[in-house]
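Below is one structure; the comments refer to it alone.
The values are calculated or read from the model by the stated rules, or taken from the named source; none is laboratory data. Values in this document were obtained by computation on a predicted structure and should not be read as measured data. Glycine also receives a Cβ, built like all others from the backbone with ideal geometry; neighbour counts cover every protein chain displayed. Heads up: the accessible areas ignore ligands, DNA and RNA and are worked out on the full protein's heavy atoms, side chains in. Shrake-Rupley method; radii C 1.70, N 1.55, O 1.52, S 1.80 Å.
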Amino acid sequence: MPESLGVRQARAQRTREMVVAAAAAAFVHQGVQAPIRDIAERADVGIGTVYRHFPTRADLVTAVYRHQIDTCGALAPRLLAESACPFTALTAWVEAFVEFLVTKHGLGAALGSGDPGLENLHTLMLDTLVPACATLLDACTAAGETDPGITAYTLMRAIGNLCITGPDYDREDARRMVATLLAGCRRTT
């Protein structure tokens with residue numbers, strides 16, 4: 001008996017999700033230029049399956065980072081609702097944002113590559129993450145925990161600059177520096 005359309009669609013969605021998860025893991029270890037065969041192997045699918053879901057590398061990179069951007073953006077209101085104070089929520093969100101940034105080997109070069117398939121990724125990041133950060137900063141300012149002059153875009157840009165890792169500056173260095181930056185944002189009155 002042939003499969004129903006709903007069953008095929010559900011299976012295709014699960015396969016797509018497995019490929020996205022496999023690509024995310026490969027990108028952490030090998031950067032966005034990770035070989036498609038490695039991604040397919042991690043997802044336990046054939047190379048053709050990867051290309052059927054993501055015809056270009058840009059499509060795959062965009063899908064992986066869109067998912068991660070959306071997850072990071074959705075984290076802000078949840079943390080705000082669950083945290084004892086807004087600054088605690090901001091700190092937890094910034095930690096997630098730092099983790100997002102420091103695992104993006106090669107993304108900066110890919111974004112600057114001129115690949116038209118990646119043009120909207122930077123805009124997506126700004127459109128999703130700046131408002132999420134602004135919500136947290138606004139709550140911190142209203143609670144008297146941060147100065148009102150700190151803007152989400154400026155804070156995120158500073159965090160982004162502190163998260164550029166290299167041979168003598170790793171994830172832990174970035175985390176420590178961002179923690180120092182956040183401590184400097186806290187109002188001490």
Of everything in segment 92-110 that's part of a helix (DSSP H, G or I) and open to solvent by 60 Å² or more (accessible area, probe 1.4 Å), which residue is modelled with the highest pLDDT? Glu95
Of Ala76, Ala23, which residue is in contact with a Phe, Trp or Tyr (Cβ under 6 Å, 6 or more places away or on another chain), under 26 Å from Asp170 (Cα atoms) and touching a residue at least 40 places away in the same chain (Cβ under 8 Å)? Ala76
Among (1) touching a Leu at 6+ places or on another chain (Cβ under 7 Å); (2) hydrophobic (A, V, I, L, M, F, W, C); (3) open to solvent by 30 Å² or more (accessible area, probe 1.4 Å), there is one condition Ala81 misses while meeting the rest; what is its number? (1)
For segment 144-189, which residues satisfy the criterion of being under 17 Å from Val130 (Cβ atoms) and of a type in the set (Gly, Ala, Ser)? Gly149, Ala152, Ala158, Gly160
Subset of segment 154-178 that is among the small types (Gly, Ala, Ser) and free of Cβ contacts under 8 Å to residues at least 60 places away in the same chain - its residue that is surrounded by the fewest Cβ atoms within 10 Å (Cβ to Cβ): Gly166
Can Arg78 be described as charged (D, E, K, R), closer than 30 Å to Ala152 by Cβ and either at pLDDT below 95 or touching a Pro at 6+ places or on another chain (Cβ under 8 Å) (or both)? no
Is there a residue being under 16 Å from the mean Cα position of the chain (by Cα), part of a helix (DSSP H, G or I) and at pLDDT 95 or above anywhere in segment 135-150? no
Subset of segment 151-189 [at pLDDT below 90 and in contact with a strand residue (DSSP E or B) (Cβ under 6 Å, 6 or more places away or on another chain)]: Arg187
Residues located in segment 23-55, provided they are surrounded by fewer than 21 Cβ atoms within 10 Å (Cβ to Cβ) and within 20 Å of the chain's Cα centre (by Cα): Ala24, Ala25, Val28, His29, Gln30, Gly31, Gln33
Subset of segment 111-134 that is at pLDDT 70 or above and among the hydroxyl-bearing types (Ser, Thr, Tyr) - its residue that is least open to solvent (accessible area, probe 1.4 Å): Thr128
In segment 136-153, what residues are under 14 Å from Phe87 (Cα atoms), open to solvent by 70 Å² or more (accessible area, probe 1.4 Å) and touching a helix residue (DSSP H, G or I) at 6+ places or on another chain (Cβ under 6 Å)? Pro148
Of all residues in segment 23-78 being outside any helix (DSSP H, G or I) and among the β-branched types (Val, Ile, Thr), the one that is farthest from Leu126 (Cα to Cα): Val45
